[in-house]
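J.: Quick one: the structure is below, and I'll ask about it shortly.
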């Protein structure tokens, strides 16, 4: 018997599929949108070059030259070919999608609300791009749709954040995080395993501190070394150690044990553009990684939240 209660199948973690099924009652996909944003770590206000792993905005977009309306139409057409009855969350993914005045954000984020088959909005951004006027607008938007704001945590270790050229400290991240939290806005945090110089214990500590701030959702993935990024240049000169698939699986399973069982795991491995992937090549086989996580959890009788209460401590803001 599966010991994890937020599951209708063999999964021992809180999948996005389970969350959507029980929240909406129908199949939900992501409609990916490119809204033309840049990033303060690219345009010079915080830095240049972006995070060292960034591949032009951390997204793939087939028709970025189209209007947002036409992009949504194209994405819904793609989704309905898979499932005519499905609906979608409009996902503003590329770069920093709150890096503009609140008035401009209102123009952009109101557009998906016109579509009957859009049931929510997800906004990818940085924690240092949440001024009060933007928070106030997001609070209003949250009252009218199913809103999620996705923040790139990546790591809680400042030495790592400095190395990857993140552009702000973990304390600065927390300030933005709590602005959203205090306004009851759903938050999804991104974590990257395998960042250069991080040990397994450091990755576990990132999960531990993530658990302590109780996010609504997380995305976990292995670091991808992608062609034509600063990280690719670093790797070509100094082939630093990369996690094996078994190491990644073991670390991820241990991280899941620390996370609150209610936290939705929206992603547990990445599936980037295989034509650009330099390493690790095993990450291209997403099905094998997912199966490996399921198997390892079953072998260990492990499940999300197994040690959550044991490690939970009160976090200071």
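J.: Just to be sure I understand: with springs between alpha-carbon atoms less than 10 Å apart, which residue in 167, 44, 305 has the highest mean-square fluctuation in the Gaussian network model of the chain?
T.: Maximum fluctuation in the GNM of the chain, among the listed residues, is at 44.
J.: For Cα pairs less than 8 Å apart in space and 6+ apart in sequence, what is the mean separation divided by the residue count of the stretch 80-229, i.e. the relative contact order in percent? Each step should come with its number before you reach the end.
T.: On the way: 203 pairs, mean separation 30.3, N = 150.
For the stretch 80-229, the relative contact order is 20 percent.
J.: If we count other beta carbons within 10 Å of each Cβ, what is the order of 74, 143, fewest first? Before the final figure, lay out each step's value.
T.: Numbers: 74 15, 143 9.
Ascending number of Cβ neighbours within 10 Å: 143, 74.
J.: Now for a different question. If you count the DSSP beta bridges with both ends in the chain, what percent of them are antiparallel, to the nearest 5?
T.: Counting only bridges with both partners in the chain, antiparallel ones make up about 5 percent.
J.: Among 116, 95, 214, determine the one that fluctuates most according to a GNM of the chain built with springs between C-alpha atoms less than 10 Å apart.
T.: Of 116, 95, 214, the Gaussian network model singles out 116 as fluctuating most.
J.: I've got another one for you. Could you please rank 222, 1, 202, placing first whichever residue has the fewest other Cβ atoms within 10 Å of its Cβ?
T.: 1, 202, 222
J.: Another question, if that's okay. For the chain, count all C-alpha to C-alpha pairs, find those more than 34 Å apart, and express that count as a whole percent of the total.
T.: 19
J.: Taking the chain as a Gaussian network, Cα atoms linked when under 10 Å apart, which of 160, 210, 96 shows the biggest mean-square fluctuation?
T.: Of 160, 210, 96, the Gaussian network model singles out 160 as fluctuating most.
J.: Can I ask one more? For the peptides 235-241, 253-259, 125-131, what is the packing order when you average, over each peptide's residues, the other Cβ atoms within 10 Å and list the highest mean first?
T.: 253-259, 125-131, 235-241
J.: May I pose another question? Counting only Cα atoms, I'd like the Rg/Rh figure for the stretch 92-235, Kirkwood definition for Rh. Numbers along the way, then the final one.
T.: Numbers: Rg = 16.0 Å, Rh = 16.2 Å.
With Rh from the inverse mean 1/r over Cα pairs, Rg/Rh is 0.99.
J.: Quickly estimate the mean residue ellipticity at 222 nm for the chain, helices only: each DSSP H run with n ≥ 4 gives -39500 (n - 2.57), and the total goes over all residues, rounded to 500.
T.: -11000 deg cm²/dmol
J.: Return 199, 145 ranked ascending by Cβ neighbour count within 10 Å, so the fewest neighbours appear first.
T.: 199, 145
J.: What percent do you get for the relative contact order of the chain when only Cα pairs under 8 Å and 6+ apart count? Intermediate results must be reported in sequence, preceding the final value.
T.: Values: 545 pairs, mean separation 56.8, N = 317.
That works out to 18 percent.
J.: Specify the inter-centroid distance of the stretch 252-273 and the stretch 129-145, based on alpha-carbon positions, in whole Å.
T.: The two parts, judged by their Cα centres, are 27 Å apart.
J.: Related question: Over the stretch 37-155, what relative contact order in percent results from Cα pairs under 8 Å that are six or more residues apart?
T.: 25
Any read-out appearing in this document is the output of simple, stated calculations on the displayed coordinates, not a laboratory observation. The structure presented is a predicted model; accordingly, all values stated were derived computationally and were not measured. A quick note on method: Cβ atoms are made from the backbone with ideal geometry, for glycine too, and the neighbour counts reach across all protein chains shown.
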